[in-house]
Amino acid sequence: MPRAGLSREVVVALAVELVAGSWTGPAGLSLSAVAARAGVATPSLYKHVGSLAELRAEVALVGVRELTRACTAAALGRQGEDALRALARAVRGFAAERPGLYAAAQVDAATGSTRELAAAAGDLVGVFTAVLHGFGVPPERHVDAVRSVRAAVHGFAVLEAQGGFQLPDDVDGSLETLLDVLAAGLRSLGP
């Protein structure tokens with residue numbers, strides 16, 4: 001008999017709580033830690049999730065969806081460079097505030113570990129692709145452009161969050177410089 005109040009949704013929420021603040025993301029998640037947080041024995045979780053891999057996929061899904069919401073809200077109603085800057089700041093902020101969920105959100109949109117996760121990751125890529133429209137990037141260059149923007153913004157966010165920018169220079173100014181370079185590069189891909 002499942003513990004009263006314990007459900008799949010509750011187990012996933014407990015896992016998200018455990019993961020959200022740590023850069024280890026779902027890789028650092030264990031069923032025993034979730035069980036301890038829930039106040040149950042580890043085998044009790046199997047009534048709600050089939051495996052640790054399944055729970056990690058659920059946490060990744062939450063991360064992708066939350067990151068997509070943050071990016072969509074930031075870029076909505078904006079275009080071109082303004083949208084790019086808003087998107088990058090949203091990614092940076094999400095990575096700083098919820099590093100474990102940000103780490104969990106780094107999912108291959110083409111494969112994902114479940115169809116639902118792959119679809120959610122595709123939605124996130126779609127937000128990045130929509131931002132490219134303001135730069136006139138032709139469809140045949142979308143993959144290159146999305147990869148370039150994601151790699152640059154992701155690299156910046158991860159380096160910053162993990163203490164990689166120790167020089168006294170203004171980190172916000174460095175981000176703006178990166179975005180100037182990205183915007184110029186995106187414009188060069190257009191007609």
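Read-outs: derived from the displayed coordinates by stated rules, not from any lab. Just so it is clear, the model here is predicted, and its values are computed rather than measured. Using ideal geometry, Cβ is built from the backbone for each residue, glycine included, and neighbour counts are taken over all protein chains shown.
Annotations for the structure displayed:
- Residue-level check: of (1) within 13 Å of Val11 (Cβ to Cβ); (2) within 14 Å of the chain's Cα centre (by Cα); (3) of a type in the set (Lys, Arg), Arg65 misses just (1).
- Ala53, sole failed condition from (1) in contact with a Lys or Arg (Cβ under 8 Å, 6 or more places away or on another chain); (2) surrounded by fewer than 20 Cβ atoms within 10 Å (Cβ to Cβ); (3) within 25 Å of Ala119 (Cβ to Cβ): (1)
- Filter pass, Gly25 being loosely packed, with under 14 Cβ neighbours inside 10 Å and either within 25 Å of Arg150 (Cβ to Cβ) or more than 14 Å from the chain's Cα centre (by Cα) (or both): no
- Out of Ala103, Ala95, Ala90, Ala119, sole residue that is surrounded by fewer than 17 Cβ atoms within 10 Å (Cβ to Cβ) and not charged (D, E, K, R): Ala119
- The set of residues in region 122-155 being crowded, with 16+ Cβ neighbours inside 10 Å and not in a helix (DSSP H, G or I) consists of Val137 alone.
- Condition check for Leu6: surrounded by 13 or more Cβ atoms within 10 Å (Cβ to Cβ), assigned to a loop (DSSP other than H, G, I, E, B) and out of contact with any Asp or Glu (no Cβ under 9 Å at 6 or more places or on another chain): yes
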